[in-house]
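Below: the structure, in structure tokens.
The values are calculated or read from the model by the stated rules, or taken from the named source; none is laboratory data. Treat the numbers as computed from the prediction; the structure is a model and nothing was measured. Backbone-built Cβ (ideal geometry, glycine too); neighbour counts: all protein chains shown.
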There are 2 protein chains.
Amino acid sequence: MNLLAIMTYESSPIGTEISCVMHGINIEILNNNILLKQIFLKALMEDNFKILDEVSHIFQPQGYTFVTLLAESHAAIHTFPEYNSLFFYLYSCRGQNDGRKTIKYLKQILNPSHMDMSERDIVVKSTKL
Amino acid sequence: MNLLAIMTYESSPIGTEISCVMHGINIEILNNNILLKQIFLKALMEDNFKILDEVSHIFQPQGYTFVTLLAESHAAIHTFPEYNSLFFYLYSCRGQNDGRKTIKYLKQILNPSHMDMSERDIVVKSTKL
């Protein structure tokens, strides 16, 4: 273990969080978990996110969760076929305004009728110490 | 496959998202990944979340990510020992105001000097259709 590296290493003090519900997605896409996984992974590649691990679950009678552990933190999708909607989440500690190519790609491919999106900075370095 | 069940099943139209940076955590806790995992899992049990799967990663020179795939969606922690802080995220599609016992437990055990927390409803049922 390199103690000097530990003492000097600092990740970005500000990251980005994006959470977004995409409404009105074609039901055939929403029920195709294999395709959704491909779209999600391709979207993350748009921003060059590095996927370190992944985990997924198919719910009964419907619904799909796919979570990726990233070098930059994590991202996930959760589907709600009964509402024709999909929830997307990304937290990246790489910096501000991250993940915009990812969300742009998802929007382009999934073509939702409308989206409820929240994007905000996540400040991990305290200003109160 | 029970088609009637698919046609009639509906998850809760409104869920909860909590994201929280906890600042000023004791560095010995932040660098103890095994202990952090135990604390995180115990916190999730406070709200009776059902853990379906999990994935974690230890970063070099420091930092730890632990993500759980839940029956209720997903939850994660990311540590930033260089800033004495930890990021916690939870999305639950079970209903509104969910996860409050979880965050209360984390706050009690990790004892941060201060927290930046966001809690909001996530509406997956469209009102525009």
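Structural remarks
- B:I122 more than 11 Å from the chain's Cα centre (by Cα), within 14 Å of another protein chain (Cβ to nearest Cβ), surrounded by 15 or more Cβ atoms within 10 Å (Cβ to Cβ) and touching a residue at least 60 places away in the same chain (Cβ under 8 Å): yes
- Qualifying residue in the range B:63-78 (condition: touching a Pro at 6+ places or on another chain (Cβ under 9 Å) and of a type outside the set (S, T, N, Q)): yes
- Residue match in the range B:22-39 (condition: assigned to a strand (DSSP E or B) and either among the hydroxyl-bearing types (S, T, Y) or at pLDDT 95 or above (or both)): yes
- Test result for B:F49, away from chain A (no Cβ under 12 Å), touching a Leu at 6+ places or on another chain (Cβ under 7 Å), modelled with pLDDT of 95 or more and not in a helix (DSSP H, G or I): yes
- Residues located in the range A:5-21, provided they are assigned to a helix (DSSP H, G or I) and either polar (S, T, N, Q) or within 22 Å of A:H57 (Cα to Cα) (or both): A:T8
- Scanning the range B:26-51 for residues that are in contact (Cβ under 8 Å) with a residue 60 or more places away in the chain and either among the aliphatic types (A, V, I, L, M) or in contact with a Pro (Cβ under 8 Å, 6 or more places away or on another chain) (or both) yields B:I29, B:I39, B:A43.
- Check on B:T102, among the hydroxyl-bearing types (S, T, Y), at pLDDT 95 or above and over 12 Å from the mean Cα position of the chain (by Cα): no
- Residue list for the range B:17-46, restricted to those being among the basic types (K, R) and either buried (at least 16 other Cβ atoms within 10 Å of the Cβ) or within 9 Å of another protein chain (Cβ to nearest Cβ) (or both): B:K37
- Of all residues making up the range A:66-105, the number that are within 16 Å of A:N31 (Cα to Cα) and of a type in the set (A, V, I, L, M): 2
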